[in-house]
Every structure is written in C-alpha cells, then in structure tokens.
1. Which shape class applies to segment 134-194: rounded if a/c is under 1.5, otherwise prolate when a/b exceeds b/c and oblate if not, where a ≥ b ≥ c are the square roots of the Cα gyration tensor eigenvalues?
2. Which helices count as membrane-span-like in the chain under these terms: full DSSP H, at least 18 Å along the axis by C-alpha, Kyte-Doolittle mean of -1.0 or more?
3. Quick query: amide H of L117 versus all other amide H atoms, modeled in the peptide plane; which residues come in under 5 Å with a sequence gap of 5 or more or a different chain?
4. Would you mind checking K123/K176; K141/K176; K128/K176; K45/K128; K45/K130 for any pair whose Cα atoms are more than 26 angstrom apart?
5. Can you report the principal axis dimensions of segment 31-81 using only the alpha carbons, biggest first, rounded to whole angstrom?
6. Just how large is the dipole of the chain about the Cα centre, in debye to the nearest 20, putting +1 at every Lys and Arg Cβ and -1 at every Asp and Glu Cβ?
7. Give me the distance in nm between label points sitting 7 Å out from Cα along the Cα-to-Cβ direction at T161 and S44, one decimal.
8. Tell me, what is the Rg over Rh of segment 32-183, with Rh the Kirkwood radius over Cα pairs?
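Read the figures in this text as sums done on the coordinates, not as results from a lab. Predicted model, so just to flag it, every value in this text is computed and none were measured. Backbone-built Cβ (ideal geometry, glycine too); neighbour counts: all protein chains shown.
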Amino acid sequence: MAGTTSSRMATLVVIIPIFILAWFLAPYALPVFRWRYMNFADLSKQLSVPAAQLQQQFDVVMYYHPRNPTDPCPWQIMGMDPAWDSIDSSRNDESSELIRCTLISDRDGEPPSKFFLGSQNYKDCFWKGKVWRFPPGTFNKAKLHPVLVYSAGDWNKATFTDCEVLYSEVQGRGGKTWTNDDKDIDDGVVTTQQ
C-alpha cells in the first residue's frame, strides 16, 4: 500500500512540471491566442461587426517600417486579398496606400519578434501571410489603426526578388506611387527614421 502511494506521488511530481512546462511552451507551436481570445461570436457582439466579416481570412503583403525605435505600430499593409473595400465599402485602403496597423500572432498575441526581422535591411522588411482583420482597439491594441492577427504557420518573408520590387515601389521608383496613411492619421508617434 505504501509503495502504491509513493509511486502515485512520484508520478505527480513528474507530471505536474511537465504540464506546467507544456503550458508555457504551447504558444511557440500552437495558436493559443486564437483559441483563447478569438471567439468570433463574442467579438461580433462586442465590436458590432458581423461574425462573417471577422472570420474572413486575407492574404496580405506587409511592410515593416517603424517610424521610430519604439513605434507601437511599425507594420504597414501593402496589399490585401480580397481587398478590404469588398468587405467594408466605407473604406478603400488597399490600393497603392500604406496602411499602418498593429500586427500580432495567433500563437501568443505578440508582434513578430525582432529576431525574425533580421538586419532591418529592405530584404528583411517585406512579409506575406494570412491574417484576420479587426477594428482599431481590438484586444486593447492601438485605437486608431486596424489590428491584424497573423496565422504564424502561414507567415513568411517575401522572396528576395519580391523584396527588391516592393522596396523599389515604396521608394517611388518604377512608376507606382504609394500614399501613406501616416499623413491622414495622427496617432502621436513621432517619426525619427525613414
């Protein structure tokens, strides 16, 4: 009887730390944030937005372009498919316009780590993936910019060739002119670098 009790205690001593470790490591491999906080029915009621609109996934091209080292919204939307104006006709903002946004992961609810952003050279600043788009202020994020939750499993750096083309475009070369919503929305962030 004493052996059974001590073997159960030993099992608990081993299993409990494993569960605690798994709890803290889960966001590195699983979409924990999405499971816990992205209940579309509840968010639809809270935000007064149709659930179908919140559930819509978009293919995006994103530009990492911080205005200063502590910019809370360093990402800009360059392209979104389907176009946002097909979902919400009150705003047409994906046609040659850089839209500042908050970008967070479906795994941990945090922005992409600067470790993954590499050297901050133009070849490290353009990314592609799948996102869900939420109104400004969702999940207690920036109040003036949309919130995008990216699917970490579908998040990739753009190819070197794509980066060269995209960087050339945002620099105004190649005949395409991009407007920037930084001029339209004053969120109080001071631009100290380009």
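1. oblate
2. 2-25
3. none
4. K141/K176; K45/K128
5. 36, 25, 23 Å, listed from the longest principal axis down.
6. Charge dipole, the chain, about its Cα centre: 680 debye, nearest 20.
7. It works out to 4.2 nm between the two label points.
8. Ratio of gyration radius to Kirkwood radius: 0.95.
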